[in-house]
Ligand code: CTP
Ligand code: MG
């Protein structure tokens, strides 16, 4: 498969063959192998971060001549890649071969002057391009292709799903239609890099890294951009033994706890994003949450961003999810489809509340895959056993060690098809004894619940935390009933192709869709529940104690 990006074509990795495979699959990451070796998560991250540093964002006129623009920019250096997209306005993403070209562009441009307004000058990497051509000439420019950054309407996907040959194919079609595109991933890294430029003014040497669904390979177009401010490289030098007669240290501010430090750091960044950050609007400081964060919208990209700090474990759990998603070609389509199914039925939501988070739901799918016979993915303890010395990591007292080299993990002998797995997933959770057991992906088996909670899913690294602490008993009942109904529905309507929704198409429409009145009632109930959830979370003082983590 090939992913087209700007003017170059980059070979994408075809997933390793298994009988369960559908005809065409493109993985979103364009370049994830070196020779025969699969790149590690950190290598991919570092490469994309470096790429983002050489990239600028240009707000373009509606009609723009692509060739002329590239020629104009090439006076500053070679343009390696580029693409166009449209949010509230059209933009071009321009990747130069050399980061120095950006300084050259910045030196040649000026800050706009407003007669009746003040302005905060800021030398960012977001520019506005205006055409000197009179509008009637410009209007005749050949139009450029704008890459979609939002999800296609579900209704538009329906005929494709109905026309598929098997349910496995449907799962692949859904994944390909909704997954993050190469361009969208680049844009996500660029936004992190732009926020890093701002944060660096306060903390030279800091890095802003994406985590969560932007990089765990399960992200849907339009999902939030979780990012974290990594100050480790600055902190790392603290306490390092120096040779010679003296010891030099930075004078630093002391605060009572690390949590207070994180709050201060985020508060400072929020202030600068709010007052000076180009394109950053709607900045909200949610500093009392268990994991303090700053929410804001990045207007040029259209991303809703959640910025956290000192959140290294979240990056490790993201890497773990990425690793599981890369191990077997069935994992991504299954997780992806279950996430879509859950979102279609209000099991997950982007508003904090009593819903199951996508993170918790993903762990549920992974746990189910560990329970297959033979297992489809290894347990976290097995991954730890395969770790190389350089993979060893303890963060905040938690052991986060697991193998980073994907090539060391043996492929599974399990050959079940996705058709079977989806039905079995619903059946598994339709009859799981949630009252008694907790889900543990470290061991790959259920364990007696250590504490009273409707749904108990042990956090893979912080073993004393329940990933789904926020989920209430009635909500879990809803999930179980839906899983049972879905298992039944999907077996009943498994045969395609057909003009009527069948298989996954029927599932995503949901049993509720068959009865208009019932649907209205369910929608109303969902809305009421959503408002309740929102009020509860506001009451609990910016989500404090509500969830073990709060960036949903
Ligand atoms: N996380 C966590 N504990 C939770 C929830 C989240 O540690 N209870 C961490 C995980 O590392 C997760 C990240 O925070 O990958 C982002 O969480 P969230 O935004 O809820 O999940 P995503 O996978 O990003 O899904 P979504 O598309 O809903 O944003
Ligand atoms: Mg997220």
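Just so you know, all these numbers are worked out from the coordinates, no wet-lab data involved. These numbers were taken from a predicted model, which means no experiment stands behind them. Neighbour counts run over all protein chains shown; Cβ positions are idealised from the backbone, glycine included.
Got a sec? How would 488, 502, 355 order by Cβ neighbour count within 10 Å, fewest to most? Show your work: numbers first, answer last.
Values: 488 15, 502 22, 355 28.
Lowest count first: 488, 502, 355.
With the Cα gyration tensor of the stretch 45-137 giving a ≥ b ≥ c as the square roots of its eigenvalues, does the rule (a/c under 1.5 for rounded; else a/b larger than b/c for prolate; else oblate) give rounded, prolate or oblate? Working shown, then result.
Values: a/c = 1.67, a/b = 1.25, b/c = 1.33.
It comes out oblate by the Cα gyration axes.
How do 340, 276 rank when sorted from fewest to most other Cβ atoms within 10 Å of their own Cβ?
Numbers: 340 23, 276 14.
Lowest to highest Cβ neighbour count: 276, 340.
May I ask what percent, to the nearest 5, of DSSP beta bridges between residues of the stretch 230-379 are antiparallel?
On the way: 11 of 11 bridges.
About 100 percent, rounded to the nearest 5.
Efficiency by 1/(1 + (r/R0)^6): what FRET value for residue 436 and residue 481, r their Cβ-Cβ distance, R0 = 22 Å, to the nearest 0.05? Walk me through the intermediate numbers first.
Working: r = 19 Å, r/R0 = 0.85.
Once the sixth-power term is evaluated, E becomes 0.70.
How high is the relative contact order of the stretch 243-379? Use alpha-carbon pairs under 8 Å, at least six apart in sequence, and give a whole percent. List each step's numbers first, then the result.
Values: 116 pairs, mean separation 16.2, N = 137.
Value for the stretch 243-379: 12 percent.
Once a ≥ b ≥ c are taken as the square roots of the eigenvalues of the Cα gyration tensor of the stretch 351-414, is the result rounded (a/c under 1.5), prolate (a/b larger than b/c) or oblate (a/b not larger than b/c)? Could the numbers behind the result be given before it?
Working: a/c = 2.88, a/b = 1.18, b/c = 2.44.
The shape class here is oblate.
How would you rank 71, 373, going from fewest to most other Cβ atoms within 10 Å of each one's own Cβ? It would help to have the intermediate numbers written out before the result.
Working: 71 11, 373 7.
Going from sparsest to densest Cβ surroundings: 373, 71.
Can you give the relative contact order of the stretch 366-476 as a percent, counting alpha carbon pairs under 8 Å and 6+ residues apart? Working shown, then result.
Numbers: 144 pairs, mean separation 26.2, N = 111.
Over the stretch 366-476, the number comes to 24 percent.
Given q = 0.21 Å⁻¹, what are the Debye log10 I(q)/I(0) values for the stretch 137-222, with equal point scatterers placed on the Cα positions and solvent ignored?
For the stretch 137-222, the Cα-only Debye profile gives -1.00.
When ranked by the protection proxy of mean other Cβ atoms within 10 Å per residue, highest first, what sequence do the peptides 456-468, 358-370 form?
On the way: 456-468: 20.9, 358-370: 24.4.
Most protected by this proxy first, the peptides run 358-370, 456-468.
Based only on the alpha carbon positions, what is the Kirkwood hydrodynamic radius of the stretch 180-293, in angstrom? Don't skip to the answer; put the middle values down first.
Numbers: mean 1/r = 0.0619 Å⁻¹.
Evaluated on the stretch 180-293, it is 16.1 Å.
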